[in-house]
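Read through the structure below, which is laid out as structure tokens, and then see the notes.
The values are calculated or read from the model by the stated rules, or taken from the named source; none is laboratory data. Small disclaimer: the values here were computed from a predicted structure and weren't measured. Note that each Cβ is placed from the backbone with ideal geometry, even for glycine, and that neighbours are counted across all protein chains shown. In case anyone asks, the SASA skips ligands and DNA or RNA and just uses the protein heavy atoms, side chains included. Shrake-Rupley method; radii C 1.70, N 1.55, O 1.52, S 1.80 Å.
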Amino acid sequence: MPKLDLNRVPQLMLAALSLGLVAVLGIVFWQRSKTEYLTLAAGASSGESYILGNALKTVVERHYPRIRITLLETGGTVENLQMLEDGRAQLATAQSDISPGPRARALAVLYDDTFQLLVAKDSQAQSLVDLRGQRIALAASGGQFQSFLRVVEHFGLHQADFRFVGANDEAATEAFLSGRADAIFRVRAIGDPSIEHLVQSGRVRFLPIEHAAAMKIRYPAFEAALIPVGAYLGNPPIPAQDFPTVAVQRTLLARDSASVPAIRALTQALVERKQEIMEEIPAAMTEVRLLLVQVRRPEPQAGLGPALHPGALSFYDKDKPSFLLAHADYVGLFLTVGLMAGSWIWELKRWMQRKQKNTADHYSNRVVELISSVQEVTSLPPLEEIWQELVKILTEAVHDLDADQLSEESFNSFRAILQIGMEVTRERRTMLTSAKPAAALQGNSASIQAQSLHGLDQEWLKFGS
């Protein structure tokens, strides 16, 4: 198993930090430079959510040129949520009493919708239960239809107790105005232009929807509300009295995969640029303009409903302390531990360097002692022993270098001293072999010893080169 070189730890850490910083900067630059395309499923073009969505699109694209929004007219909440779930839309408006899929995330509450039930002025019906067996101007699909069924079920009625007329809102409204339907049900904000149009005909009146607080037990998204007297007309007042009803929130949802920066920008525009959005709505639609006053952060209902989208959450929590400030104690602890660990690593490195230097000094001292003894040698055999000892020291030093017991710097310092020792030994050998002629036997012995030293020379070249 390869050993960790502590000398390279700081360099490796610095390289990792540099690469991480470059990667983060690259991602940030890429996110800021690309254009985000969002599709908003907004319901019928005559509805408040579509009108608000169109004004929001204009303001967002004005201030954030890299965000482009496509507005889609749809059949209502159920279709919007299905488009959000399967990825055909990244944004959708929806009634809060219709459960979204797992991919939906909350962005904002746009306004409060109310359940509004109207009948012909000469109708004998005085309450919802009186409409049993009659024709209801309501498409038999979508969020409004589901809301209607939930209300009538509270009173012991069912879908089979009514006849539903109209394939969509426009057809249902036409059927009611032409007398082909006895009542009309809508989930709309108070002051809705389409309902106001019905009221102005002078041929309709409201019916109360009571027991909202009781229905809330089963449907937590329901809230008790009132349609106040004169809400649609002052003289004569329509309605003529306060009518109890049910309210639900109209929410703006985002798909969980939608861009976090884009959703943050959209949320910021919706909350902080209400006046500008209001000015993009036709002046004749005063009631729709005023709905912007109700825009707010979604509040969790005992864990019900979708969680906030991270982009919206980052905007709503922008005034909260940063992570570092909120967790200063833990951050301080981590910094302290990090500094201590760094100090320990630094001290360990210094200890290793001292140990390596001491080892090199030990080898160098042995070589210096041998250099001193060379000067006292008067024959070749002791000189050969000194040479053998120098080679032995070299072998041990190379082994310690491989085992990280010696640093390259310490080894090079030792190697310079060893080379001096080798040179001194060679010079001493040359001097002894060139001395006055000796006996033939001694000459033969000296020749053998010289050859031995020459072989050791080659060994030094192998280790020292």
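Odds and ends about this structure:
Let's see how each residue does on (1) within 24 Å of MET285 (Cα to Cα); (2) open to solvent by 10 Å² or more (accessible area, probe 1.4 Å); (3) without any contact (Cβ under 8 Å) to a residue 40 or more places away in the chain; (4) hydrophobic (A, V, I, L, M, F, W, C):
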residue: SER45; (1), (2), (3), (4): yes, yes, yes, no
residue: GLU48; (1), (2), (3), (4): yes, no, no, no
residue: THR58; (1), (2), (3), (4): yes, yes, no, no
residue: LEU72; (1), (2), (3), (4): yes, yes, yes, yes
residue: LEU84; (1), (2), (3), (4): no, no, no, yes
residue: LEU118; (1), (2), (3), (4): yes, no, no, yes
residue: LYS121; (1), (2), (3), (4): no, yes, no, no
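- Of all residues making up the range 202-213, the number that are over 22 Å from PHE164 (Cβ atoms) and either aliphatic (A, V, I, L, M) or touching a helix residue (DSSP H, G or I) at 6+ places or on another chain (Cβ under 7 Å) (or both): 3
- The selection criterion, being in a helix (DSSP H, G or I), at pLDDT below 80 and open to solvent by less than 50 Å² (accessible area, probe 1.4 Å), does not hold for GLY311.
Conditions tested, residue by residue: (1) among the polar types (S, T, N, Q); (2) touching a strand residue (DSSP E or B) at 6+ places or on another chain (Cβ under 9 Å); (3) surrounded by fewer than 11 Cβ atoms within 10 Å (Cβ to Cβ); (4) assigned to a helix (DSSP H, G or I).
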| site | (1), (2), (3), (4) |
| --- | --- |
| TRP346 | no, no, no, yes |
| TRP351 | no, no, no, yes |
| GLN356 | yes, no, no, yes |
| ASP361 | no, no, no, yes |
| SER364 | yes, no, no, yes |
| THR378 | yes, no, yes, no |
| LEU383 | no, no, no, yes |
| TRP387 | no, no, no, yes |
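- Residue in the range 160-181 that is of a type in the set (Val, Ile, Thr) and in contact (Cβ under 8 Å) with a residue 60 or more places away in the chain present: no
- The lone exception for ASN235 - which of (1) at pLDDT below 95; (2) under 30 Å from LEU313 (Cβ atoms) it fails: (2)
- Residues that are open to solvent by 10 Å² or more (accessible area, probe 1.4 Å) and of a type in the set (A, V, I, L, M, F, W, C), drawn from the range 266-290: VAL271, MET278, ALA283, ALA284, MET285, LEU290
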